[in-house]
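Visitor: Let me give you the structure first, and then I'll get to my questions.
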Amino acid sequence: MRKTLMLLAVLLQWSVLVIAQTKTITGQVMDDKGNPIPFATVKIKGNDASGVAADENGNFSIQASPLAVLVVSAAGFTAQEITVGDQTNINVALNSSSNLQEVVVTALGISREKKSLGYATQSVKGDALVQAANTGLAGALQGKVSGVQITPSSGMPGASSLITIRGARSFTGNNTPLYVVDGMPISSNADLSTGNSVTGTDIANRAVDIDPNDIANIEVLKGQAASALYGIRASNGVIVITTKSGKGASKGKPQVSFNSSVSFDDLSRYPDLQTTYAQGANGAFNPNASTSYGPKVVDLPKSTLYGGDTTNQYTNADGMHPGQYYVPQRALTGLNPWVTPAVYNNVRDFFDIGTIFNNSISILNATDRGSYAVALGSTNQKGIVPHTGMNRYNAKIAGETKLSEHFKASFSGNFINSDIDKAPSANDGIIATVYPAPVSYDLKGIPNHAEGNIYSPVGYRGGAFVNPYWGQEHNTWNEKTNRFFGNTNVTYTADLSSNMKLDVKYQIGADAYTTNYQDIWSFGSPTRGSNNNGDITEYTYTNTTLNSLLTGNFKWDVSSDFGLNLLVGNEIVNTNTKYLTAYGSSFAFAGWNHMDNTGTKDATETSSKYRTFGNFANLSLSFRQMLFLSVTGRQDIVSSMPSNNRKFFYPSAALGFVFTELNGLDNSSFLNFGKLRFSVAQVGQAGTYRSNFYTLPAYGGGFYSGSPILYPINGIKAYIPSDLVYDPNLKPQNTTSYEIGADLNFFNNLVEVNYTFSRQNVKDQIFDVPSPGSTGATEFRTNGGKIHTNAHEATININAIRKADVEWSIGANFSKIDNYVDELAPGVESIFLGGFTTPQVRAGIGDKFPVIYGTSYARDEKTGKVIVDANGTPIAGAPAVIGRAAPDFLLGANTRIRFKMLTLTAVMDWKQGGEMYSGTTGLFDNYGVSKASEEARLKNAVQFPDAVKEDGTPNDIVVSGYNNIQKYFQDINTIDESSIVKSSFIKMREISLRVQAIKKANFGLGVNFFARNLLLWTNSPYLDPESSQGNTNMAGAFERFTLPQTKSFGVGINLQF
Amino acid sequence: MKKLIISIAILQGLLITSCTKDISSYNDETKRAANVPAGTLFSNATRNLSDNLVSASVNTNPFRFIVKHWSMATYQDEAQFDFSTRNIPQTWWGAMYRDVLTDYKESAKIITDDATLLEGEKANKLAIVDIMQVYVFANLVTTFGDIPYSQALDPGNVYPVYDDAKTVYSDLLSRLAADISALNTDNKGFSSSEDFLYAGSVSKWKKFANTLRFKLGMILADSDAATAKANVEAADAGAFTSSDDDGLMPYLSATPNTNPLYADIILGGRGDYLAAEDLMDPLIDLNDPRKSLYFGTNNDGEYVGGVVGAGNTYSTTSKPSAQVSAADAPGIFLTYSELEFYRAEAIERGFTVAGTAAEHYTNGIKASILDWGGSAGDATTYLAQPEVAYATATGTWKEKIAFQKWIALYNRPMDGWLELRRLDYPELTLPVGAKSGFPVRYQYPNNEQQLNPANYTSAASKIGGDEVETKLFWDAN
């Protein structure tokens, strides 16, 4: 792939050299009053490398071909484009500007002047997204937008992330925004939920298919008023993505941009674990123990059962081995079992240095009749966990052409092929045997299988906990996707009169993909299949969405003061999905982990169709460029709701008031722009209703749950009525939102400040309410519950220095999102989101969403202090809410400093507040690998701090004695609250240094050194809090042997010609 | 150009009309079954019922410990009458209502709605489904007391009221009487593959229904002798005549459609279940041929029972026999052997039933031994002992019958518990560490308390408190 790209690049460069005939152009840059603008930038459009700076009198000189378009820009002024043509001397007059005169893409791809909007949006430019060569969109957005919370699940290739804008609206349903790429809504969610998220692997969300390198701009429509035109899909906000296009590129010579980068990944944080004590329990060495409560490593030769210094069955057989001890696993794997004790760093040994090769090439060109763009991208990633990785290939072709005076047609098509190799986490996870591995055991050095039989895994633990090296080598966790999305459209444009303009556009788009998933527990996997013969699950999800969109836009400048814009339209979205699963158990023989090789098989099929039919209108009025009113309405008819309850109407209204247009305020140099925004909107979210149906039952068999009960029995199929019963009066979830805000620019746009407060009231959530058993059903899908959110968002940007050679800007995005559950259904105290019976993540009445529930410490009623028993161990109290996952606030800060050809950018991300259940952290104590347990044993003393005894007096009990200390830590671990950790952090999210080594008219070369997640400060004791279980609404709240987060650093080059 | 606009407009118009026209069928299930044969629901319900009755999972069915047939090696919660830790009443309740009764009800609905079915076949099938529903409701009403009945099994009504146990019971008896008269052996019932119990034989179902009626009548003997007598006498002639009539669920020898005990004991590979000394000692003392059929030996080849409620050593205690945990051991609904004990008791109570109490007592024991694989000779030898023979065994008629029935109802945990409560003999001592007195009912499930609170509260107070020691209406003595 990379070779092909290079070849292409070389070929294109030749063609460039042939075509381009450049000349020198000189000129002067002035403001609208004729005063020279010092240090303005002049560059050739589409070639950032070509830029030159004007001198202090605004004079410039640049090499450009007659076909090139010059872009003249200066801070505080609106950029201007000039086609070179025959000119050799060009004088340019720039108008003073604010960023609010820029045009932004709003709902349904409609362009609006940012100044006119009555609601908050925020854009992120393509180069800001990829400044640190992020391969995933979610990661690339972190810290760059206010009001948006991004919760990654881990640093594994293709790992899922939960993105929410202004909190959650649904308990168990979808809270993630709608993604719209070049006007076409596409699937961005995971097709399959990770469910309780305590077994198996993560499942990628489909936003993984988007290559950030091909993005020109992202517009985040945060509030419901901004997205109201999407009707039933609008409640979670919208991420509007515009990809690179040839529109506005210079004619003639195609502009080629080639980016290549390599990054190296490492664990973002190595847990600081004990290094003193060996595997075992109660001070005695046990080579199969899960715990490290054995003797000191140096004392292993003195072990009564395994020591080389003592008399035991091994020394009786092999003779004394002073200073050594016997390791049964070494004997099993064919090594000399006698070894001198050593301390191994199993965690560091296990993780590899991951690599990411990222290549992309884009070719943009404008022609007399239109433009085209071609982009190819590849991401080849090898994860830090052995045998994980991702290969993703993206191809795009887009074009636009004028058919006649009134007609224009365009199309855009994207093809993506991705292949992700994963690792299992939580209960099935490899981390369970990596992090707590005893330091005395040489996990890497001792082979992972018995001598002569690679299908007989050997590790330091028995049971289902397989050696992680063996598991990653033999088991398979894979997802492969082929996807196409794109659209084609025809636009009719006509000037009805000098002040009236009509546009009619019809667009049809498709998003079709198939993902094949494969989970294979190899032959030899403990507890899998009969006789550990393994099992295989193959599942395939196919989704085909067709989208038809017709819009008519009528623009009428009634007078110089008054303008009107009316948009009407219709949208039809049709989705067909199909989900097939096949399960096979017990491979007949080793070495061929294939469905055909299994003994028993079971297959299922699920398919569904959804259609939404919407009619909408938007009326916008403007008065003296000062007052802007926009009113929308949309009616949706939704197939997935009961037939008597399918039509819904959603209105919104937004008002923008640019008060600096008022007489007397319009010439202030202090406040050069000021706008107040007010909006209100109502939007919905549909659920899935089905009339009654029958399903195949799936019951486990008693104690034993190794393989599911399979039907038929005796030749007869068994069916049961669905035990989830649907409310025939089901209605959509309803969100009403109110938003006020202000946009203020000071000192000729030196300082830009935006602030928004929003309130969302959400009612009629759709969820499955448990039914009393006597109804014959388990759950009833109905409406119930209320949730509300107060969100404060603020952004500030300061363009501190704006000189030709030096630029410095600094900005910050602040979000405070308070999301409270007010009500659930009658009789329902909480809704389960994931985890175990205890601890679990749930929605609880009166609490922030979501909370962690589990066994708490018993606390003294008066002081609230933890009560310890006579042994000094905390006493377990009743199950209660023991942690709240939501942060107090998020703050992203960024800065950009350019000095001549060097540009330094940095993004910091601060999450303050919030807690998570960290099962791993708790189990470090239980397993005796934590620093705390080491310290207690070394000191032979540990005391639970700040606690009281049962009589209410302060805790003065010091636990001593090896076995007592072990029991103390293990007893504490049975209380879930002991595993709650604070998940605040500050991260150096991105830092990059770009050197523009060559910048000529026709050729630019930049080199970029970057790092991601390089520095981390957190009060979580061992782990990076940005790794958690679940691709659902529980994300960020629950960790238990979760795959870790990564940090990266690397280098990239950028070629433009 | 205008043509183009017009054609786009028309295309869009067509799309709009066609899209709204067929939208109503869009969320109909096309790939999941919206219509299934009634027999599939009937068979699934029957299998589930059997699985639950047979199971030894401590989450579902702890009665082998309650009747002191089995003891536990390590975990004593259930043996000590702790049913709440694992929420067992809720599991049972859910299994009966959701996994069994709902399926039977749906099956009946499909049969009723099937216009193509012959009337006679329809009547037979409906009667058979109803008999099984009566079987399950009778279990619930004798296990819990007042239960949701008239308003149960309606997902639209999430607050079903609890009906009076006695009223439910008499309705069950009249349903059963009606089912018996509705069964017509000239017409077909379910197909042989759908009908696990009798492979399509309507005449066998008629016997099953009469036997069930006999049993339900006998349960009322202490509280309402007249009703008991009427039902018993009406059922006697049509009830089982030999062990060939037994209502059995045939499990298969291959996983996964095996007897649940095979999964619990053999596949589960757990050393949890052991013999109880309370049953083992009389088996040894009376040279019972069923000793080696019910149990295996300990690791030293000896027959030793464990102490119920106390920790027992797996290696030194007898385990359930290989035939108990055989993959294809049948699940048992109703047997000739238990009927014969009922007949003996009915005669002693003065009901008009053919034969003598001694004959039926003898038949009951003999059938039990033969069912377990003992020989006729074994049975004769056993019965010849004066401690066993009806004429010479010690105790009242009730004690004699109850004692032998308790032995015969081995591996019938639910029925063993029912008979212990009904006959109050043998007088078993409380297990070590008992959490309550002997349980004579289950407490209502937690989720009913939470999700149907008003009806739960009134039912609990009406029956005299939601406790395991609250006696139910038929448990008069």
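The values are calculated or read from the model by the stated rules, or taken from the named source; none is laboratory data. Note that the structure is a prediction, hence the values are computed from the model and not measured. Here Cβ is always computed from backbone atoms with ideal geometry, including for glycine, and neighbour counts include all displayed protein chains.
Visitor: In the range A:205-232, which residues are buried (at least 24 other Cβ atoms within 10 Å of the Cβ) and farther than 25 Å from A:GLY158 by Cβ?
Guide: Correct list: A:LEU221, A:LYS222, A:GLY223, A:GLN224, A:ALA225, A:ALA226, A:SER227, A:ALA228, A:LEU229, A:TYR230, A:GLY231.
Visitor: Go through the range B:360-477 and tell me which helices (runs of 4 or more DSSP H), entirely inside it, have 3 or more residues that are under 29 Å from B:GLY217 (Cβ atoms) and touching a residue at least 40 places away in the same chain (Cβ under 8 Å).
Guide: Helices (runs of 4 or more DSSP H) meeting the threshold: B:397-408, B:413-423.
Visitor: Return the residues of the range A:482-500 that are within 25 Å of A:LEU546 (Cα to Cα) and away from every other protein chain (no Cβ under 14 Å); say none if nothing qualifies.
Guide: Answer for the range A:482-500, where residues must be within 25 Å of A:LEU546 (Cα to Cα) and away from every other protein chain (no Cβ under 14 Å): A:ASN482, A:ARG483, A:PHE484, A:PHE485, A:GLY486, A:ASN487.
Visitor: State all residues of the range A:532-570 that are within 33 Å of the chain's Cα centre (by Cα) and over 30 Å from A:GLU605 (Cβ atoms); if no residue qualifies, say none.
Guide: Across the range A:532-570, the qualifying residues are A:LEU549, A:LEU550, A:THR551, A:GLY569, A:ASN570.
Visitor: Among the listed residues B:TYR159, B:TYR135, which satisfies the condition of being of a type in the set (Ser, Thr, Tyr) and either within 14 Å of chain A (Cβ to nearest Cβ) or not in a helix (DSSP H, G or I) (or both)?
Guide: Going through B:TYR159, B:TYR135 in turn, just one is of a type in the set (Ser, Thr, Tyr) and either within 14 Å of chain A (Cβ to nearest Cβ) or not in a helix (DSSP H, G or I) (or both): B:TYR159.
Visitor: Next question, about the same structure. So which of A:GLY183, A:GLY155, A:GLY167 ends up being more than 28 Å from A:LYS731 (Cα to Cα) and buried (at least 24 other Cβ atoms within 10 Å of the Cβ)?
Guide: A:GLY155
Visitor: I'd like to check something: does the range A:593-602 contain any residue that is under 28 Å from A:PHE485 (Cβ atoms) and in a strand (DSSP E or B)?
Guide: Checked the range A:593-602: no residue is under 28 Å from A:PHE485 (Cβ atoms) and in a strand (DSSP E or B).
Visitor: Turning to a different aspect of this structure: Give the range A:764-789 a look and list any residue that's free of Cβ contacts under 8 Å to residues at least 60 places away in the same chain and more than 12 Å from chain B (Cβ to nearest Cβ), or say none.
Guide: A:ASP764, A:ASN783, A:LYS786, A:HIS788
Visitor: Would it be correct to say that B:VAL67 is away from chain A (no Cβ under 12 Å) and closer than 22 Å to B:MET249 by Cβ?
Guide: yes
Visitor: Among the residues in the range A:565-573, are any aliphatic (A, V, I, L, M), away from every other protein chain (no Cβ under 14 Å) and crowded, with 16+ Cβ neighbours inside 10 Å?
Guide: Looking through the range A:565-573, at least one residue is aliphatic (A, V, I, L, M), away from every other protein chain (no Cβ under 14 Å) and crowded, with 16+ Cβ neighbours inside 10 Å.
Visitor: Anything in the range A:394-417 that is more than 14 Å from chain B (Cβ to nearest Cβ), buried (at least 17 other Cβ atoms within 10 Å of the Cβ) and over 17 Å from A:ASP511 (Cβ atoms)? List them, or say none.
Guide: Answer for the range A:394-417, where residues must be more than 14 Å from chain B (Cβ to nearest Cβ), buried (at least 17 other Cβ atoms within 10 Å of the Cβ) and over 17 Å from A:ASP511 (Cβ atoms): A:GLY399, A:GLU400, A:SER410.
Visitor: May I ask you to list the residues in the range A:790-808 that are in contact with a Lys or Arg (Cβ under 6 Å, 6 or more places away or on another chain) and at pLDDT 95 or above?
Guide: Residues satisfying the conditions are A:ASN790, A:ALA791, A:HIS792.
Visitor: Which numbered condition in (1) more than 11 Å from every other protein chain (Cβ to nearest Cβ); (2) surrounded by 22 or more Cβ atoms within 10 Å (Cβ to Cβ); (3) over 20 Å from B:ASP77 (Cβ atoms) is the only one that B:GLU448 fails?
Guide: Unmet condition: (1).
Visitor: Okay, moving on. Only residues that are free of Cβ contacts under 8 Å to residues at least 40 places away in the same chain, facing chain B (nearest Cβ under 10 Å) and either surrounded by fewer than 17 Cβ atoms within 10 Å (Cβ to Cβ) or among the acidic types (Asp, Glu) (or both): list them for the range A:577-612, please.
Guide: A:LYS578, A:GLU605, A:THR606, A:SER607
Visitor: Considering only the range B:85-110, state which residues are outside any helix (DSSP H, G or I) and of a type outside the set (S, T, N, Q). Steps first, please.
Guide: Keep residues of the range B:85-110 that are outside any helix (DSSP H, G or I), which gives B:85-87.
The answer is B:ARG86, and nothing else.
Visitor: From the list B:PHE214, B:PHE190, which residue is touching a residue at least 60 places away in the same chain (Cβ under 8 Å) and away from chain A (no Cβ under 14 Å)? Spell out the reasoning first.
Guide: Values: B:PHE190 fails: away from chain A (no Cβ under 14 Å).
After applying the criteria, what remains is B:PHE214.
Visitor: Now for a different question. Scan the range A:736-746 and tell me whether some residue there is modelled with pLDDT under 85 and surrounded by 22 or more Cβ atoms within 10 Å (Cβ to Cβ).
Guide: There is no residue in the range A:736-746 that is modelled with pLDDT under 85 and surrounded by 22 or more Cβ atoms within 10 Å (Cβ to Cβ).
Visitor: Restricting to strands (runs of 3 or more DSSP E) lying wholly in the range A:351-460: which have 1 or more residues that are without any contact (Cβ under 8 Å) to a residue 12 or more places away in the chain?
Guide: A:453-457
Visitor: When you look at B:LEU197, is it farther than 23 Å from B:TYR444 by Cα and either buried (at least 17 other Cβ atoms within 10 Å of the Cβ) or aliphatic (A, V, I, L, M) (or both), yes or no?
Guide: On the way: farther than 23 Å from B:TYR444 by Cα: yes; either buried (at least 17 other Cβ atoms within 10 Å of the Cβ) or aliphatic (A, V, I, L, M) (or both): yes.
Taking the combined requirement at face value, the residue satisfies it.
Visitor: Are any of the residues in the range A:315-328 in contact with a Leu (Cβ under 9 Å, 6 or more places away or on another chain) and touching a residue at least 60 places away in the same chain (Cβ under 8 Å)? Working first, answer last.
Guide: Going residue by residue through the range A:315-328, those that are in contact with a Leu (Cβ under 9 Å, 6 or more places away or on another chain) are A:324-327.
In the following step, the residues that additionally are touching a residue at least 60 places away in the same chain (Cβ under 8 Å) were identified as A:327.
Yes, that holds for at least one residue.
Visitor: So which strands (runs of 3 or more DSSP E) stay within the range A:892-982 end to end and still have 2 or more residues that are in contact (Cβ under 8 Å) with a residue 24 or more places away in the chain and surrounded by fewer than 18 Cβ atoms within 10 Å (Cβ to Cβ)?
Guide: Hits in the range A:892-982: A:902-912.
Visitor: Then there's this: Given the criteria at pLDDT 95 or above and farther than 24 Å from B:TYR135 by Cα, does B:TYR342 qualify?
Guide: Numbers: at pLDDT 95 or above: yes; farther than 24 Å from B:TYR135 by Cα: no.
Answer is no for this residue.
Visitor: Anything in the range B:248-257 that is more than 8 Å from every other protein chain (Cβ to nearest Cβ) and surrounded by fewer than 24 Cβ atoms within 10 Å (Cβ to Cβ)? List them, or say none.
Guide: Matches in the range B:248-257: B:LEU248, B:MET249, B:SER253, B:ALA254.
Visitor: Quick check on the range B:35-54: of everything there that is in contact with a Pro (Cβ under 7 Å, 6 or more places away or on another chain) and facing another protein chain (nearest Cβ under 8 Å), which residue is surrounded by the fewest Cβ atoms within 10 Å (Cβ to Cβ)? Walk me through how you get there before you give the answer.
Guide: Keep residues of the range B:35-54 that are in contact with a Pro (Cβ under 7 Å, 6 or more places away or on another chain), which gives B:44, B:51, B:54.
Right, trim to facing another protein chain (nearest Cβ under 8 Å) and you get B:44, B:51.
Values: B:ASN44: 28, B:ASP51: 25.
Among them, the one singled out is B:ASP51.
Visitor: Let me spell it out: the conditions are (1) modelled with pLDDT under 95; (2) in contact with a helix residue (DSSP H, G or I) (Cβ under 6 Å, 6 or more places away or on another chain); (3) not hydrophobic (A, V, I, L, M, F, W, C), and B:HIS360 meets all of them except one. Which number is the exception?
Guide: The failed condition is (1).
Visitor: So which residues in the range A:633-672 are closer than 22 Å to A:ARG112 by Cα, touching a helix residue (DSSP H, G or I) at 6+ places or on another chain (Cβ under 9 Å) and at pLDDT below 90?
Guide: Answer for the range A:633-672, where residues must be closer than 22 Å to A:ARG112 by Cα, touching a helix residue (DSSP H, G or I) at 6+ places or on another chain (Cβ under 9 Å) and at pLDDT below 90: just A:ASN672.
Visitor: Here's a follow-up. Where residues in the range A:613-645 are free of Cβ contacts under 8 Å to residues at least 60 places away in the same chain, more than 15 Å from A:ALA681 (Cβ to Cβ) and surrounded by fewer than 21 Cβ atoms within 10 Å (Cβ to Cβ), which of them is nearest to the other protein chains (Cβ to nearest Cβ)?
Guide: Among residues in the range A:613-645 that are free of Cβ contacts under 8 Å to residues at least 60 places away in the same chain, more than 15 Å from A:ALA681 (Cβ to Cβ) and surrounded by fewer than 21 Cβ atoms within 10 Å (Cβ to Cβ), the one nearest to the other protein chains (Cβ to nearest Cβ) is A:SER643.
Visitor: Across the range B:193-202, what is the number of residues that are among the aliphatic types (A, V, I, L, M) and touching a residue at least 60 places away in the same chain (Cβ under 8 Å)?
Guide: In the first step, residues of the range B:193-202 are kept if they are among the aliphatic types (A, V, I, L, M); the result is B:197, B:199, B:202.
Among the residues that remain, those that are also touching a residue at least 60 places away in the same chain (Cβ under 8 Å) are: B:197, B:202.
The number of residues fulfilling the criteria is 2.
Visitor: Here is a further query. Can you go through B:TYR198, B:TYR162, B:TYR135, B:TYR169 and tell me which one is touching a strand residue (DSSP E or B) at 6+ places or on another chain (Cβ under 6 Å) and modelled with pLDDT of 95 or more?
Guide: Every option except B:TYR162 fails the conditions.
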